[in-house]
Structure formats: C-alpha cells, structure tokens
C-alpha cells in the first residue's frame, strides 16, 4: 500500500512538473531571445527532462511491477497504448527544442538569437498532446478500452 501511494505521488508530481515546465517554456518564447533568456529556457527544459524520466520510471514500475493493478490490466487496454504513444510523441517532439536551447545558450548573454517557428509549434503540439493524456487516463481507469478476458 505504501509503495503504491509513493509511486502514484511521484507520478502525479512528475506530471505537474511537466505541465508547468512546458507552459513556462511556451510563455517565455519570443521570436527573438537573448542567449541569457535561452539559458533560462535550457534550465527549465532540463527540469522538464528530469520530470519526464521520473514519470517514465514511476509509470513503468506501476505497469510492469503490478504495484497498482495487474500488468495485464494495462497491457490489454488500447487506450493505455494510445496514452503511452502520446507520451512518446511528446518526448520525440521535445528533442528539437531541447537541442536548439542547448546549442543557442552559449555566448554573449546579451546577444539576440532568432527562435525558429518550429520550436514554437513543437511546444504547442506537445501541450496539445499533454491535454489529451488525462482524458485517456480517466477513460482507462474506468476500464474503457480493455480487450482482455
């Protein structure tokens, strides 16, 4: 019981951190940023990455460890697989903005850098997918999508 509560807590805190960091990144983005501002975005993005890895670890432990429910409950649910796919897509989409932040943060902190529109659009798409995941989780928790016995 204690392990389940701890895992769920870590899972939820990671989700909140991911939402907060992605919204922060999106709100801080402008067409032109100084390298100093990009450095701040890079640090926020690092927190996002740590939260995503923590979420993944807690989620995999709950799924494969059978801590919360038997693993078959998740494995035989197509909505769960859709949820995992959305999470994976968010991770894949985050690669380009992360690489941009890392590459662009070094140099004179006052120097202006143009932010590619793709960075903005990828963050927006990540946020859109992030909004869908709680709906999928809610449906899944009610047994919708389960195709097992």
Screening 37, 4 for residues that are more than 17 Å from the chain's Cα centre (by Cα), part of a helix (DSSP H, G or I) and farther than 18 Å from residue 113 by Cβ leaves only 4
Among residues of region 34-58 being farther than 20 Å from residue 102 by Cβ and in contact with a helix residue (DSSP H, G or I) (Cβ under 6 Å, 6 or more places away or on another chain), the residue surrounded by the fewest Cβ atoms within 10 Å (Cβ to Cβ) is 54
A careful count of residues in region 104-133 that are more than 20 Å from residue 53 (Cα to Cα), without any contact (Cβ under 8 Å) to a residue 60 or more places away in the chain and either touching a helix residue (DSSP H, G or I) at 6+ places or on another chain (Cβ under 9 Å) or part of a loop (DSSP other than H, G, I, E, B) (or both) gives 2
ask   = Could you say whether any residue in region 43-61 is modelled with pLDDT of 95 or more, in contact with a strand residue (DSSP E or B) (Cβ under 9 Å, 6 or more places away or on another chain) and part of a helix (DSSP H, G or I)?
value = no
(1) surrounded by 15 or more Cβ atoms within 10 Å (Cβ to Cβ); (2) without any contact (Cβ under 8 Å) to a residue 40 or more places away in the chain; (3) under 18 Å from the mean Cα position of the chain (by Cα) all hold for residue 80 apart from (2)
Of the residues in region 51-65, those that are in contact (Cβ under 8 Å) with a residue 24 or more places away in the chain and closer than 30 Å to residue 107 by Cβ number 2
Exception for residue 17 within (1) over 29 Å from residue 145 (Cα atoms); (2) part of a helix (DSSP H, G or I) falls at (1)
Within region 12-33, the residues that are buried (at least 17 other Cβ atoms within 10 Å of the Cβ) and more than 15 Å from the chain's Cα centre (by Cα) are 29, 33
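The values are calculated or read from the model by the stated rules, or taken from the named source; none is laboratory data. The structure displayed is predicted, hence computed values, not measured ones. Using ideal geometry, Cβ is built from the backbone for each residue, glycine included, and neighbour counts are taken over all protein chains shown.
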